[in-house]
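Asker: Questions regarding the structure given below will be posed in turn.
The values are calculated or read from the model by the stated rules, or taken from the named source; none is laboratory data. Not measured: the values here are computed from a predicted model. Here Cβ is always computed from backbone atoms with ideal geometry, including for glycine, and neighbour counts include all displayed protein chains. The area values use the complete protein model at the heavy-atom level, side chains included, leaving out ligands, DNA and RNA. Shrake-Rupley method; radii C 1.70, N 1.55, O 1.52, S 1.80 Å.
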Protein chains: 2
Amino acid sequence: MVTIKQVSEKAGVSSATVSRVINNTGTVKEKTRDAVMAAMSELGYRHNVVAASLASNKTHTIGYVVPELHGSFFGAMMGGTEQALRQAKKHMLIATGHSDANIEKEQIDALLSRRCDALILHVEAVSNDYLVSLVHQGVELVVVNRYIEEIGDNCISLDNTLGGYLATRHLLDIGHTNIAYIAGSLFKDDAINRLNGHRKALAEANVAYQDGLTYEGNFQARSGTEGIRALLASGAKFSAVACGNDEMASGAMIALREAGRRIPEDISVIGYDNIDFASYLSPGLTTMDYPVQKIGNMAAHWVLERVYGHNRFDYEHILNPRLILRGTTCSPE
Amino acid sequence: MVTIKQVSEKAGVSSATVSRVINNTGTVKEKTRDAVMAAMSELGYRHNVVAASLASNKTHTIGYVVPELHGSFFGAMMGGTEQALRQAKKHMLIATGHSDANIEKEQIDALLSRRCDALILHVEAVSNDYLVSLVHQGVELVVVNRYIEEIGDNCISLDNTLGGYLATRHLLDIGHTNIAYIAGSLFKDDAINRLNGHRKALAEANVAYQDGLTYEGNFQARSGTEGIRALLASGAKFSAVACGNDEMASGAMIALREAGRRIPEDISVIGYDNIDFASYLSPGLTTMDYPVQKIGNMAAHWVLERVYGHNRFDYEHILNPRLILRGTTCSPE
DNA sequence: ATAAAAAATGAAAGCGCTTACAATTGGGAG
DNA sequence: CTCCCAATTGTAAGCGCTTTCATTTTTTAT
């Protein structure tokens, strides 16, 4: 490996000067800069970022923790982040937490050991207190898709209660009153909030909430299918079903068809997230838009601004979901 | 930040010994180990991986280049990789190449500057020669989803020609002879190979290939929709359509329905990749399984074995796709 | 008990860079 | 032609760790 030292000798300058041209810091005369550049390309020099990081105490690396890599949700989010970071020449070190508190902590720890300049965390198992304490320790981090009051400034999230409310509100507006709900894993905040929103809409419309119309799934398509089967088997009557996310909604659609119900004529279905394929289903899935890419992008800008002193960026801390009307909902006959 | 030095003083040993217990190398007496451990937790020591990397010339980091982060394909692949790497305590530094040769090269360069121990590359724009020369320079890398003969050992790919062949073969087997084809971007190897497979199957069945029945899309759903519209508008007759991937197939389905064609009664559709949501469509999409997670996993094991001397793992260099029969194909009446 | 071998530890030289700080150079202003 | 200031460059001290080699301690075999 050719080092800065060799370059400096070849160019007849000191290594400090070479460092200056590499980092474009300090002042260096045009002529020396050229000489250094020439020496670098002649020797095939490749900057050693590891050494630079040690010396400068900056790694230009952002640690990223997400629950899983598969599925289209986190890819979209990371895509939004990456777009902003790439331009700033930062990189992402990615780890998965698997919704398990120990793994999540372990990963955060590992990222910190690697001296990431900042962390972007979508963690679901670790406690609020733990995250708050990290912030108080001076760790630069932004929590996405989760809101923690004490560190609201470090959070970028969606108003899931509002989303749950709006979804059910839409169903009510078009005339449904018997509305089933297939929830996500209820140990997760977003699943809870979405369900709360659902209940709030019912209450507001003076429709009694019935436990028997709610099924707890796990955000996977399969649990949507199972949810509908269970609901149907229980003899519950409903003309519409709201789901905690689009995957479960598509699973639900499969079970409904299997039971001979037409969508939306017999049963309306509404999802949540508006992931890519929601529009490919047929009919297209009515759902709540989750601007996940935007959230990822904002998280990046938060970091750029806070940690690297980039220009002020206008991000919001709590975004609003909005209804995407497609073909799976209609008025009951 | 507390350093190894401070720990060593607190524990009354040398820093070399502390390093030994951290890395579990060399020999250290039970009792001293305990003393060091105690000192570490008392001081809240956090290992500095950057410094360790510089000194040991190993970063335990794998660089990963994919075209994009969104969509479900690359997430699945990276998930397969991550699973294996996490157990080995390696981390992934992720970059996107956007199917642009310059960006791809830039990113590879950046990852190398960060001294990744190895690279996993899904690159589509950079030339074979460039990759070959990297390998010859001694860069440890594995190319996924692409096969380059000179460095076959460094490649893990799918036999796309076979996949294209099998898809069309299935259509032929059930009686179709007028088969349209919606291809991916034809500057990409996989798109070309899939199309070649399609043609091979036609030839084998003595069905003439007609240019007018092939449409070049770009692997996005929208282009599937446009493809069908164009094909229909051109007056071409076909009872089945094979697509370069599932996204385009779902886009095609939308356009077919919009034109009043029933699937599969009027037109059979077959996709490629078997991404998650293929089974959520209705009817479920018949497609070719692309074991992408497995490929990601094998890439990880290749690295583990080659770069870190882990146990021999049994990976294949060229995997075979297989037909997944669902509801979008049937015999023409 | 003693020598030789093995185990445990320490000293110190880097790894390749950044960054005060000091030293040098080059231009005008006077 | 000096002197002062700004621009440019060099010196050298780390950054926090790993690792070789030497040294000390312990164990084992005789």
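Asker: Under a Cβ-Cβ cut-off of 12 Å, what is the net charge of the residues other than B:ALA259 that fall near it, where Lys and Arg count +1 and Asp and Glu count -1?
Answerer: Around B:ALA259, the surrounding residues sum to +2.
Asker: Turning to a different aspect of this structure: Could you grab the relative contact order for segment A:160-290? Cα pairs under 8 Å, six or more apart, rounded to a whole percent.
Answerer: Relative contact order here is 24 percent.
Asker: When you look at the Cβ of every residue in B:66-77, what mean number of other chain Cβ atoms sits within 10 Å?
Answerer: For this peptide, the per-residue mean of nearby foreign Cβ atoms is 6.
Asker: Specify the inter-centroid distance of segment B:289-333 and segment A:140-216, based on alpha-carbon positions, in whole Å.
Answerer: Result: 39 Å between the Cα centres.
Asker: May I pose another question? Sorted from shortest, what are the nm distances separating the label point of A:LYS5 from equivalent points in the other copies, each placed 7 Å from Cα along Cα to C-beta?
Answerer: Distances between equivalent label points, in nm: 2.1.
Asker: Taking a probe of 1.4 Å and counting only protein heavy atoms, give the total accessible area buried between chains B and A in Å², rounded to the nearest 100.
Answerer: Accessible area lost upon association: around 4400 Å².
Asker: When only Cα pairs under 8 Å and 6 or more residues apart are kept, what is the percent relative contact order across chain A?
Answerer: Relative contact order here is 16 percent.
Asker: Report ³J(HN,Hα) in whole Hz for each residue of segment B:54-71, in order, from the Karplus equation J = 6.51 cos²θ - 1.76 cosθ + 1.60 where θ = phi - 60°; Gly and Pro get x.
Answerer: 3J(HN,Hα) across segment B:54-71, in whole Hz: 5, 6, 9, 6, 9, 9, 6, 10, 10, x, 10, 10, 10, x, 8, 9, 7, x.
Asker: Where does helix B:189-204 land angle-wise versus the long Cα axis of chain B, in degrees 0 to 90, nearest 10?
Answerer: On a 0 to 90 degree scale, this one is about 40.
Asker: Please report, in Å, the Rg and the Dmax of segment B:109-148, where both are computed over Cα atoms only.
Answerer: 9.8, 26
Asker: Then there is this: How much area per residue is accessible in chain A when the probe is 1.4 Å and only protein heavy atoms are counted (Å²)?
Answerer: I get 42 Å² per residue for this part.
Asker: May I ask you to derive the FRET efficiency for B:ASN178 and A:LEU325 from their Cβ-Cβ distance with R0 = 41 Å, giving the value to the nearest 0.05?
Answerer: With R0 = 41 Å, the Cβ-Cβ based efficiency is 0.65.
Asker: Sorted by average packing, counted as other Cβ atoms within 10 angstrom per residue and highest first, what order do A:39-46, B:155-162 take?
Answerer: Put in order of decreasing packing, that is B:155-162, A:39-46.
Asker: So what's the projected area for the protein assembly as shown, the Cα convex hull averaged over all directions, in nm²?
Answerer: Here the figure is 34.4 nm², rounded to one decimal.
Asker: Report the residues of segment A:218-253 in range of a label on A:ALA203: point 7 Å along Cα→C-beta, backbone N strictly under 20 Å from it.
Answerer: The answer is A:242-244, whose backbone nitrogens lie closer than 20 Å to the label point.
Asker: Would you kindly work out, in nm and rounded to one decimal, the distances from the label point of B:ASP34 to those of the same position in each other copy, ordered shortest first, with label points 7 Å along Cα-to-Cβ?
Answerer: Relative to the other copies, B:ASP34 has label-point distances of 6.9 nm.
Asker: When Lys and Arg each count +1 and Asp and Glu each count -1, what net charge do the other residues less than 10 Å away from B:ARG115, Cβ to Cβ, add up to?
Answerer: +2
Asker: What average number of partner chain Cβ atoms lie no more than 10 Å from the Cβ of the residues making up A:277-286?
Answerer: 5
Asker: What does the extension gain come out to for B:SER127 and B:ALA51, with contour length at 0.36 nm per residue minus their alpha carbon separation?
Answerer: Here the answer is 23.8 nm.
Asker: For all pairs of alpha-carbon atoms in segment A:4-47, what percent lies in each bin of width 5 Å, listed from the first bin to the last filled one?
Answerer: 5, 29, 40, 21, 4
Asker: Let me ask you something else. Order the peptides A:183-190, A:26-33 from the highest to the lowest mean number of other Cβ atoms within 10 Å of their residues.
Answerer: Listed from highest to lowest mean packing, they are A:183-190, A:26-33.
Asker: Now, a different point. Would you please classify the overall shape of segment B:160-290 from the alpha carbon gyration tensor, given that a ≥ b ≥ c denote the square roots of the eigenvalues, rounded means a/c under 1.5, and beyond that prolate means a/b larger than b/c while oblate covers the rest?
Answerer: Note, shape of segment B:160-290 comes out rounded.
Asker: So how do A:310-316, B:264-270 stack up, highest first, on mean other-Cβ count within 10 Å?
Answerer: The packing order, highest mean first, is B:264-270, A:310-316.
Asker: Let me know the mean shielding of A:49-58 by other chains, meaning the per-residue number of their Cβ atoms within 10 Å of its Cβ.
Answerer: Mean partner-chain Cβ count within 10 Å for A:49-58: 5.
Asker: At B:GLU265, with labels set 7 Å past Cα in the Cβ direction, how many nm apart are the copies from this one, shortest first?
Answerer: Computed spacing set for this position: 1.3 nm.
Asker: Rounded if a/c is under 1.5, else prolate if a/b beats b/c, else oblate: with a ≥ b ≥ c from the C-alpha gyration tensor eigenvalues square-rooted, which is segment A:149-225?
Answerer: The shape class here is oblate.
Asker: Follow-up question, since we're still on this one. Where does the charge balance sit around B:SER133 when Lys and Arg score +1, Asp and Glu -1, over other residues with C-beta under 15 Å from its C-beta?
Answerer: Overall, the nearby charge balance is -4.
Asker: Here's something else I'd like to know. For segment B:4-47, with all protein chains present and a 1.4 Å probe, just round the carbon and sulfur fraction of the accessible area to a whole percent.
Answerer: Carbon-and-sulfur percentage of accessible area, whole number: 49.
Asker: So if we plug the beta-carbon distance of B:ALA236 and B:LYS31 into 1/(1 + (r/R0)^6) with R0 = 60 Å, what FRET efficiency do we get, rounded to 0.05?
Answerer: Approximately 0.15, to the nearest 0.05.
Asker: Sticking with this one: Mind giving me the FRET efficiency for A:ASP266 and A:SER14? R0 is 56 Å, r the Cβ-Cβ distance, nearest 0.05 is fine.
Answerer: 0.10
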